[in-house]
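Please read the structure below before turning to the comments.
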Amino acid sequence: MLKLKDVHTYYGNIHALKGIELEVNEGEVISLIGANGAGKSTTLMTVSGIVPAKKGSIEFKGQDITHMPSDEIVKLGICQVPEGRRIFPYLTVAENLDMGAFLRNDADEIKKDMDYVYSLFPILAERRNQAGGTLSGGEQQMLAISRALMSRPKLLLLDEPSLGLAPIIVKQIFRIIKKINEDQSTTIFIVEQNANLALKAAHRGYVMENGLITLTDTGANLMANEDVKKAYLGI
């Protein structure tokens with residue numbers, strides 16, 4: 001579904017991605033793990049067109065999207081949940097979800113999708129008329145994921161979904177991520193510092209160091225890899 005080939009991305013003179021290559025197949029949950037500053041978030045932002053690649057190619061379902069504007073990429077079916085949530089704090093929960101469906105005009109299906117995300121996160125249904133900025137961090141993360149789902153993505157990009165959340169909320173969110181993949185056949189690409197949870201949820205994983213992919217395998221095999229255990233799992 002998604003293929004990155006020899007992708008190089010820069011921030012000014014800083015060479016952030018140094019020729020990365022990876023693939024995401026339809027229906028998979030893929031995790032990208034690595035230390036702070038390894039280039040994980042840059043990878044997602046490059047796929048989304050927010051930080052353009054200077055070299056290499058990005059294909060989505062066989063179409064070259066390397067230099068495509070972000071809004072066109074969303075129309076193709078790629079939606080990103082950014083690090084730090086970035087919901088609209090002064091809009092209600094329901095209005096945030098409406099913004100997720102901004103490019104759609106199928107009102108009946110939008111209503112069905114809103115009911116679905118409320119079933120995933122009942123607390124959002126209870127607080128649908130509450131301003132997003134008054135929600136807890138965990139509730140805002142639920143809202144950010146739900147807002148992305150309202151676009152009916154074929155590929156959902158999740159950037160650090162566990163960031164700053166209590167462990168019990170993190171486990172709940174990862175359960176829902178797996179459910180979204182199973183219920184909707186939504187392909188999911190997760191960037192995550194909690195390598196243990198990320199690899200448990202993933203069919204396959206990639207390890208990134210200093211802007212390069214250094215290792216790839218199934219999630220289970222990476223969890224059993226001694227180097228990964230020492231570097232990322234604290235074992």
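The values are calculated or read from the model by the stated rules, or taken from the named source; none is laboratory data. Only a predicted model underlies this, so the values are computations on that prediction, with no experimental measurement involved. Every residue, glycine among them, receives a Cβ derived from its backbone with ideal geometry; neighbour counts consider all protein chains shown.
When Ile168 is tested against (1) within 24 Å of Ala35 (Cα to Cα); (2) modelled with pLDDT of 90 or more; (3) loosely packed, with under 14 Cβ neighbours inside 10 Å, only condition (2) is not met.
Leu124 falls short of the stated requirement of being modelled with pLDDT of 95 or more, closer than 27 Å to Ser31 by Cα and not in a helix (DSSP H, G or I). Restricting the search to strands (runs of 3 or more DSSP E) fully inside region 164-235 and requiring at least 1 residues that are of a type in the set (S, T, N, Q) and under 30 Å from Val117 (Cβ atoms) gives 187-191, 212-218. Looking only at residues in region 178-203 that are hydroxyl-bearing (Ser, Thr, Tyr) and out of contact with any helix residue (DSSP H, G or I) (no Cβ under 6 Å at 6 or more places or on another chain), the one that is nearest to Ala38 (Cα to Cα) is Thr187. Looking across region 27-41, the residues that are surrounded by fewer than 17 Cβ atoms within 10 Å (Cβ to Cβ) and either more than 15 Å from the chain's Cα centre (by Cα) or over 22 Å from Lys178 (Cα atoms) (or both) come down to Ala35, Asn36, Gly37.
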